[in-house]
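Single-structure report; data block below.
The values are calculated or read from the model by the stated rules, or taken from the named source; none is laboratory data. In this text the structure is predicted, and so the values were computed from the model without any measurement. Every residue, glycine among them, receives a Cβ derived from its backbone with ideal geometry; neighbour counts consider all protein chains shown.
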Amino acid sequence: MPITLPDLPYPKDGLAPHISEKTLEFHHGKHHKAYVDNANKLIAGTDLENQDLESIVKKTAGDASKVGVFNNAAQVWNHTFYWNCMKPNGGGAPTGAAAQKIAADFGSFEKLVEEFKNAGVTQFGSGWAWLVLNGGKLQVVKTPNAGNPLTEGMKPILVVDVWEHAYYLDYQNRRPDYLGTFVEKLINWDFVNSCLA
């Protein structure tokens, strides 16, 4: 089963004005698609060809001979997860199980926001800021490039993409503004709750 490019869970202009249609055309239609195409080329004819995406990511992590496969497959996984972490009219305070778990593990939503935004701002170069479940407790982590917490035995709950192509057309070098908007206007708490379930 080849790796496929999923449709966005909203129209290309669905996140505007916070993330523009032009950004999504490039980010989903060009960057994400390129990772899908490259991953399929790299696994063709190998023992990974019929594996599911998550298995490919876990099996190739840390293997220097498969770094190209990992980088492309993990980026497909990361981007698919990222699209689902956002929705039109999203953001603001969490609801449901996420609200209770965040209060229990961070003390407050504000403390989570501070740690999450700080992880995104301080991720040097390209990468991701994540909210993960690690040993039953929520934790904020960051990964460079195509890094994914699945490879460390953690369960991703929420992610924000801090590669420049995720925000540069809309925010230029203002990564903190993009992160603030992500939290305040875009997070899909329904998806977060489904990941916690």
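Summary of values
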| quantity | calculated |
| --- | --- |
| Segment 17-49, subset within 19 Å of the chain's Cα centre (by Cα) and outside any helix (DSSP H, G or I), residue nearest to Ser126 (Cα to Cα) | Ile19 |
| Criterion (surrounded by 20 or more Cβ atoms within 10 Å (Cβ to Cβ), in contact with a Gly (Cβ under 7 Å, 6 or more places away or on another chain) and modelled with pLDDT of 95 or more) met by exactly one of Leu158, Leu186 | Leu186 |
| Residue satisfying condition, being crowded, with 18+ Cβ neighbours inside 10 Å and assigned by TED's automatic domain parsing to the domain that holds Val183, within set Gly147, Gly153, Gly136 | Gly147 |
| Tally, over segment 6-24, of residues that are in contact (Cβ under 8 Å) with a residue 12 or more places away in the chain and among the small types (Gly, Ala, Ser) | 2 |
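Let's see how each residue does on (1) touching a Leu at 6+ places or on another chain (Cβ under 7 Å); (2) under 15 Å from Trp83 (Cα atoms):
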{"residue": "Glu114", "(1), (2)": "no, no"}
{"residue": "Gln123", "(1), (2)": "no, no"}
{"residue": "Gly136", "(1), (2)": "no, no"}
{"residue": "Trp163", "(1), (2)": "no, yes"}
{"residue": "Leu186", "(1), (2)": "yes, yes"}
